[in-house]
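The numbers here are math on the coordinates, done by the rules we state, and not lab data. Because the structure is predicted, anything quoted here is derived from the model rather than measured. Cβ atoms come from the backbone with ideal geometry, glycine included; neighbour counts cover every protein chain shown.
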Amino acid sequence: MAERIPKIVVIGPAFVDMAVKCEIHPEPGEIVEGSGFTFIPAGSGVNEAIQVALCGCETYLLARVGEDCFGELISQHLERYHVLTDLVYPTQAISTGIVVTVVDNQGENCGCRSFGANRIVGRDEIDYAAAEQQIGSADVILIDDTISGSAIVAAIRSAQIHKTRVVLSVKLPHPNREVVGALDWPMEFYNADILVLSFQGMSCVSGLGAGGEGELKFIGTELVARGAKCVVISLGLGGALVIDREGPRHLGGIASEIVDQNGCDSVFTGAMTACFGTGDLPDRAVRFAIAAESIQRGRFGLQESLPRKEEIVTVLQSQPD
């Protein structure tokens, strides 16, 4: 990652994640005794913005929160990680997004999510003068597809006007070729400089095997044929795939102990965007992201264990050429 300070605007959801530990999950109508409770700011927008900031970037998060104590908690938490909150808008009469999770003694969890203020992030938030100014002066904007399609389209159009590069993170239903035929994306999605793909219910696709990797290459190649400039898919321990008009390339993984894979997708995408923001080519940015993900995979927890730029560079320097 080159020695310069890029400016990155992350556009994505913000939640407060509440977790309760108990012996067993309650049955309908039942209340069970809990043994612990935590609550932390979360959501892909928050996690990615913090990872980008830890990579030494000037970082903004564009999001909506409620005008409540949880919205204040998110803003204060972001500021502790040096994420600028000028574009985190408090919203009257709508709560902050909330995730409530119940974890049993086997580590299984169930829960409920309320999008709250995240639901109303749309074109208006992108068209605000403050947001347009930051997007226009950014090196890269990172967009998470959890926000509305109208907001994504407006952000990409604004970035194109200002010649700001775009990373779009998209989650698809399943990793097989039939998924491409069902896509009904706006044409603006294909104008992103990098499409980062992940799949619902899968924290890591490294266990798909050779046949699975072939399906992923097919998906990426089809998206490039439809107009995408570059498609990136993390393979976890297996590294990552980069697909563009020159064809698919498999960039090797970095061996590490698996302690906790929670949040690895946000680490990968955030670190890649930070490196891409310095002007590095996608392959170099992806290698930086692979190193970041390998560090995170070997640690327990999420935000408190996110890797810093110096740690990522050290891992990269230890790898053979």
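When the Cα positions of 253, 219, 270 are compared along the charge dipole of the range 219-286, 219 comes out farthest toward the positive end, with charges on each C-beta of Lys, Arg, Asp and Glu.
Return a whole-number percent for the relative contact order of the range 135-321, with Cα pairs under 8 Å and 6 or more residues apart as the contact set.
Computed over the range 135-321, the figure is 16 percent.
Close amide H contacts of residue 34 (hydrogens built in the peptide plane, cut-off under 5 Å, sequence separation of 5 or more or a different chain): none are found.
Computed per residue of the chain from DSSP H runs no shorter than four, each worth -39500 (n - 2.57), the mean residue ellipticity at 222 nm is -10500 deg cm²/dmol. The count of lysine pairs in the chain whose Cα atoms are under 20 Å apart, excluding pairs fewer than 8 places apart on the same chain, comes to 6.
Estimated at 0.36 nm per residue, the fully extended path between residue 226 and residue 318 surpasses their Cα-Cα distance by 29.3 nm. Considering all C-alpha pairs of the range 135-321, those separated by over 30 Å amount to 15%.
With only Lys, Arg, Asp and Glu charged, each at its Cβ (+1 for the first two, -1 for the last two), find how big the charge dipole of the range 135-321 is about the Cα centre; round to the nearest 20 debye.
I would put it at about 320 debye.
Using Cβ point charges alone (K and R +1, D and E -1), the dipole size of the chain about the Cα centre works out to roughly 880 debye. Between the range 233-266 and the range 25-66, the C-alpha centres lie 24 angstrom from each other. Annotation: peptides 41-51, 133-143, 271-281, 247-257, ranked by per-residue average of other Cβ atoms within 10 Å with the highest first, follow the order 41-51, 271-281, 133-143, 247-257.
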